[in-house]
1. Within the range 183-200, identify whether any single residue is surrounded by 20 or more Cβ atoms within 10 Å (Cβ to Cβ) and under 25 Å from D118 (Cβ atoms), and answer yes or no.
2. Give the residues of the range 55-73 that are over 14 Å from D83 (Cβ atoms), surrounded by fewer than 23 Cβ atoms within 10 Å (Cβ to Cβ) and more than 12 Å from the chain's Cα centre (by Cα), sorted by residue number.
3. Could you check, for the range 226-241, whether at least one of its residues is among the hydrophobic types (A, V, I, L, M, F, W, C), crowded, with 18+ Cβ neighbours inside 10 Å, more than 20 Å from W132 (Cα to Cα) and free of Cβ contacts under 8 Å to residues at least 40 places away in the same chain?
4. Is it the case, given these coordinates, that S130 is within 18 Å of V202 (Cβ to Cβ), under 16 Å from the mean Cα position of the chain (by Cα), of a type outside the set (A, V, I, L, M, F, W, C) and open to solvent by less than 20 Å² (accessible area, probe 1.4 Å)?
5. With respect to L85, determine if the residue is at pLDDT 95 or above, within 13 Å of Y201 (Cβ to Cβ) and part of a helix (DSSP H, G or I).
6. Give me the residue from the range 133-163 that is among the hydrophobic types (A, V, I, L, M, F, W, C) and more than 21 Å from C103 (Cβ to Cβ) and, out of that set, least open to solvent (accessible area, probe 1.4 Å).
Amino acid sequence: MSRCLILLSFVLLLPTLAVAQEPSFDKLNMQLREALDKDDHKQAIALLDQMIEMKPALPSLYYVRATENYMAENFRASVKDFDKLIELQPARSDSLWERGISCYYAGDYAAGAKQFLDYQNYHDQDVENSVWRYLCLAKSEGLAKARETLIAIERDPRPGLQEVLELYRGNVTPEKLLEQMDQTKLTGEAAAGYRFYTLLYVGLYYVAEGKDDLAAKYLKTAADPKLLEAGPSRISTYMWETAGIAHRDVLRRQKKQAAGEN
């Protein structure tokens, strides 16, 4: 899934905001740019709260706050913002794959599965979309149902993604997928992208399988900042952030389980 959609929305948002008449709104917009540049999600959300109070019908604000709430792990608030965006711009409904991931982490698995199914109407060759629907269904209806109804994708051009789909189809093992990753002849950013998506989706595969120790291992590696630095043009920043969110989610679950056992 491409960070380009998000960046485009930012680009479209900022000129739009600049035409606002209220000086205080313009000042908030400048502060928002700074917060976004610094990845200060808490500050960005606080600024967006004020801006939405001033301009409650501006759809772009809800999109940005939805993504910032996601990054801040305010998952239900993120879903609520995406829903408001859809209320204001119904035509965008199918394209919002980010909403599906927010639904997953908010525990709204059925809503997430539907979002990813609807996304097929917008882009039908995205392995990640198929995999996230699988992950939602694995939580809500079980692994057998998730695999049985896995969306077939045939032409995702990104290195490693079609191989990932074979894992979720049950045609290869995680070990085999990791072996293929290590044996790739790709170099530079292409190799980093291949490595990132393999590690991320092996980790999430183990989450679905209930094997948190293995999930934590691969998600931690996927979330390494050095990996993003090695392949910035091939790795979606949004999905790299998601690797970190997924890793922390597993660690919290492990901590809770350990406390229960003690």
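The values are calculated or read from the model by the stated rules, or taken from the named source; none is laboratory data. Every value quoted in this text rests on a predicted model; they were computed, and no experiment measured them. Cβ: placed from backbone, ideal geometry, glycine included. Neighbour counts: every protein chain shown. These area figures cover heavy atoms from the full protein model, side chains too; ligands, DNA and RNA do not enter into them. Shrake-Rupley method; radii C 1.70, N 1.55, O 1.52, S 1.80 Å.
1. Checked against the condition, which is being surrounded by 20 or more Cβ atoms within 10 Å (Cβ to Cβ) and under 25 Å from D118 (Cβ atoms), the range 183-200 yields at least one hit.
2. K55, P56, A57, L58, S60, A72
3. Within the range 226-241, one or more residues are among the hydrophobic types (A, V, I, L, M, F, W, C), crowded, with 18+ Cβ neighbours inside 10 Å, more than 20 Å from W132 (Cα to Cα) and free of Cβ contacts under 8 Å to residues at least 40 places away in the same chain.
4. Details: within 18 Å of V202 (Cβ to Cβ): yes; under 16 Å from the mean Cα position of the chain (by Cα): yes; of a type outside the set (A, V, I, L, M, F, W, C): yes; open to solvent by less than 20 Å² (accessible area, probe 1.4 Å): yes.
So S130 passes the test.
5. Criteria not met by L85.
6. Applying the first criterion (among the hydrophobic types (A, V, I, L, M, F, W, C)) to the range 133-163 yields 135-138, 143-144, 146, 150-153, 161.
Okay, now just the ones that are also more than 21 Å from C103 (Cβ to Cβ), so 144, 152, 161.
On the way: A144: 79, A152: 61, L161: 0 Å².
Of everything passing the filter in the range 133-163, L161 is least open to solvent (accessible area, probe 1.4 Å).
Per-residue answers, yes or no, for (1) at pLDDT 95 or above; (2) out of contact with any Lys or Arg (no Cβ under 6 Å at 6 or more places or on another chain); (3) charged (D, E, K, R):
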position	(1), (2), (3)
W97	yes, yes, no
C103	yes, yes, no
F116	yes, no, no
R169	yes, yes, yes
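Here's the yes/no breakdown for (1) outside any helix (DSSP H, G or I); (2) polar (S, T, N, Q); (3) closer than 24 Å to I235 by Cα; (4) touching a Gly at 6+ places or on another chain (Cβ under 8 Å):
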| site | (1), (2), (3), (4) |
| --- | --- |
| D81 | no, no, no, no |
| S130 | no, yes, yes, no |
| L167 | no, no, yes, no |
| L177 | no, no, yes, no |
| M181 | no, no, yes, yes |
| A192 | no, no, yes, yes |
